1. Quick one, could you list the DSSP H helices from the chain stretching 18 Å or more along their long axis (Cα atoms) with average Kyte-Doolittle hydropathy of 1.0 or above?
2. Find, among the GluC sites (Glu not before Pro) in segment 129-189, those assigned to loop by DSSP (not H, G, I, E, B) with at most 14 other beta-carbon atoms within 10 angstrom.
3. Net charge around Ser14, counting only other residues with Cβ within less than 11 Å of its Cβ (Lys, Arg = +1; Asp, Glu = -1)?
4. Label points 7 Å out from Cα along the Cβ direction at Lys151 and Asp107: separation in nm?
5. Which percentage, to the nearest 5, of the DSSP beta bridges contained in the chain is antiparallel?
6. What GluC sites (Glu not before Pro) in segment 30-97 are in a loop by DSSP, with at most 10 other Cβ atoms within 10 Å of the Cβ?
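What follows is calculated from the coordinates using simple rules that are stated; it is not laboratory data. Not measured: the values here are computed from a predicted model. When we count neighbours, we look across all protein chains shown, and the Cβ atoms used for this are built from the backbone with ideal geometry, even at glycine.
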Amino acid sequence: MKKYEGVNPWTKLSSEIKYDNPWIAIDEHQVLNPAGKPGIYGKVHFKNLAVAIVPLDEELNTWIVGQYRYTHDSYEWEVPEGGCPENTLPLDTAKRELHEEVGLVADNYELVLEMQLSNSVTDEVSYTYIATGLKYVGEKPEEDEVLHIKKLPFIELVAMTMRGEIRDALAVASILKVNALLRERGQLK
């Protein structure tokens with residue numbers, strides 16, 4: 001078996017946009033695969049970055065949002081999340097989404113996770129922040145969002161995640177990363 005560490009073993013022969021809307025584009029690439037054989041590769045291009053926020057107060061309570069997710073035809077609980085448009089800083093999006101979804105502003109934001117969400121099919125990248133020094137100012141959901149807000153101890157959110165009650169990939173990764181960091185820092189036992 002050939003090893004291609006750091007080298008792209010794929011040859012792109014051509015590409016064509018098969019679908020395009022304001023949020024995503026789907027490209028079909030005619031390729032030669034690593035074995036040198038012809039094939040196709042589909043790629044979903046996300047036009048926004050994904051941003052998640054785990055707000056934590058002094059008692060290590062957090063806030064989550066519940067909403068119906070059309071794609072999976074199910075109601076889901078998640079950390080506050082949103083799309084970061086081109087030419088916008090992820091931190092600015094984190095501030096906007098925290099305010100819009102749970103009505104909070106924070107004095108401090110710490111970037112704790114950068115992640116590729118599904119790198120075999122999409123180029124979507126995400127950023128997760130811990131927000132502290134919180135103040136409630138009132139939520140401002142977007143017109144197409146129907147959100148329910150729940151405040152709970154962060155440790156209970158971890159338990160919900162471990163029970164499979166939190167299923168969104170970005171939320172799961174963010175919660176587990178923050179849990180590990182808080183334990184490493186001695187803030188959780």
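1. Qualifying helices, which must be both long enough and hydrophobic enough, are 169-184.
2. In loop regions of segment 129-189 (DSSP not H, G, I, E or B), the sparsely surrounded GluC sites (Glu not before Pro) are Glu142, Glu143, Glu145, Glu165.
3. -2
4. Simple spin-label model gives 1.8 nm for this pair.
5. Once the DSSP bridges in the chain are tallied, antiparallel ones form about 85 percent.
6. Working: sites: Glu58, Glu59, Glu76, Glu78, Glu81, Glu86, Glu97; in loops: Glu58, Glu59, Glu86.
Sparse-neighbourhood loop GluC sites (Glu not before Pro): Glu58, Glu59, Glu86.
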